[in-house]
1. Among (1) charged (D, E, K, R); (2) more than 30 Å from Gln2 (Cα to Cα); (3) touching a residue at least 40 places away in the same chain (Cβ under 8 Å); (4) out of contact with any Lys or Arg (no Cβ under 9 Å at 6 or more places or on another chain), where does Arg123 come up short?
2. Restricting the search to the stretch 171-216, which residues are of a type in the set (S, T, N, Q) and farther than 17 Å from Asp135 by Cβ?
3. Against the conditions (1) in contact with a Leu (Cβ under 7 Å, 6 or more places away or on another chain); (2) exposed (fewer than 14 other Cβ atoms within 10 Å of the Cβ), where does Arg174 fall short? Just the number, please.
4. Enumerate the strands (runs of 3 or more DSSP E) found wholly within the stretch 1-90, keeping only those where 1 or more residues are polar (S, T, N, Q).
5. Does the stretch 1-40 hold any residues that are more than 18 Å from Arg91 (Cα to Cα) and either at pLDDT 95 or above or touching a Lys or Arg at 6+ places or on another chain (Cβ under 9 Å) (or both), and which are they?
6. Looking at Asp109 and the list (1) more than 20 Å from Gln17 (Cβ to Cβ); (2) modelled with pLDDT of 90 or more, which single condition is not satisfied?
7. What strands (runs of 3 or more DSSP E) completely inside the stretch 231-336 contain at least 3 residues that are in contact with a strand residue (DSSP E or B) (Cβ under 7 Å, 6 or more places away or on another chain), of a type in the set (Val, Ile, Thr) and under 21 Å from Leu113 (Cα atoms)?
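The values are calculated or read from the model by the stated rules, or taken from the named source; none is laboratory data. Keep in mind it's a predicted model, so treat the numbers as computed, not measured. FYI the Cβ positions are ideal-geometry reconstructions off the backbone, even for glycines, and counts take in every protein chain you see.
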Amino acid sequence: MQIIKLDLKDRTRLKIQHYEDLLTLKDVIKAGDIVGKKDLRSVQIEGVKEKKPAYLKIKVERVEMEGTVLKLLGPIVEAPEYVTRGYHSFRIKEGDIIDLWKEEWREADIIKLKEASRYKGLRVFICVIDEREADVAIATELDWKLITTIRKRGGGKSYESKDEESKRFIAEVRKVIEENTRNVDGIIIAGPGFRKDELYATLPDELKKKAIVESCSVTGVTGINEVIKRGYLDKIIGGIKISEETRIVEQLLAEIRKESHLVTYGKEDVNRAAEMMAVEKLLIVESFLGNEDTEKIMKKVKEGGGKIVVIHTSHDAGRMFERLGGIAAFLRFRVD
């Protein structure tokens, strides 16, 4: 999302660049907000009804997703004279520009917009492979999704038959890579042995240019999470969100394990630290955004000059953080 203008007391102008931006707006835009957009509206011209472009403002009553479109419905509150007032529905899609007025901006709303503005829609293909199995996934800045698992077939007794099985296995994995990497920003091939190097050697030159080969100890979901935890995504795309979140959760857990006095977790303890303006960095799980209690904590942290980091639960580190309570803080000084 491009934030063209952010004015919390007047108009905020936004350009939608990715489907994920629409999901963000679905959470940010509430009933009672005013949304403005250039759109088509039916008008009567010399007795003939036709659609004419006009800049309209509606007072939102309903917000819903329809496939890849965000639908906003409400009465028109401002329009050119030639437009008949009444209810109107905006169908917002990628590429659209909208204006937004809110009576009250929550800290969660601002964070979500700023997060969306950093989202670039980047995609990385991950393949973890060993002697008998390959697991492939697509990762974005926010999460990853397993595409498929390929297992080596057969069990021939002769050396030659085993070699043929291995070649067929590599060919199957290569085919999956070729079918799923047309629109990715990079490729990571990782694994515990030499099979990853054999696979890389079979790739076409155009895919080799996008790919890096790294080590990990296992395949499967654990192997993919290990690839992310080791920061291999950053070798392809600097600052990718999922790696940043994994690193900061790992850092928090390390501080907790060594019983550091410069981290705290749990709503009550974090709130106390925020009141003392001791919070340097607040970590908060995405599902807590908009919660009344956490809104108050976030405001205190912001007033104290602290940074707020949202942790998503679409990856292992995020789910682990959620089980820890979903809220924690790195401190400037001890508070106990």
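1. Unmet condition: (2).
2. Taking the stretch 171-216 and keeping what is of a type in the set (S, T, N, Q), we get 180-181, 183, 202, 215.
Passing the criteria: Asn183, Thr202.
3. Just one mismatch for Arg174, condition (2).
4. Details: elements: 2-5, 12-15, 34-45, 48-59, 62-66, 69-78.
Correct list: 2-5, 12-15, 34-45.
5. Of the stretch 1-40, the ones more than 18 Å from Arg91 (Cα to Cα) are 2-12.
Once the filter is applied, which keeps residues that are more than 18 Å from Arg91 (Cα to Cα) and either at pLDDT 95 or above or touching a Lys or Arg at 6+ places or on another chain (Cβ under 9 Å) (or both), the stretch 1-40 yields Gln2, Ile3, Ile4, Lys5, Leu6, Asp7, Leu8, Arg11, Thr12.
6. Only one criterion is unmet by Asp109, namely (1).
7. Details: elements: 263-265, 279-285, 307-311, 327-331.
Strands (runs of 3 or more DSSP E) meeting the threshold: 307-311.
Residue-wise test of (1) surrounded by 14 or more Cβ atoms within 10 Å (Cβ to Cβ); (2) over 26 Å from the mean Cα position of the chain (by Cα); (3) in the same structural domain as Ser89 (by TED's automatic domain parsing).
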| site | (1), (2), (3) |
| --- | --- |
| Leu40 | no, yes, yes |
| Glu50 | no, yes, yes |
| Ile58 | yes, yes, yes |
| Glu61 | no, yes, yes |
| Glu66 | no, no, yes |
| Leu70 | yes, no, yes |
| Leu73 | yes, yes, yes |
| Ile76 | yes, yes, yes |
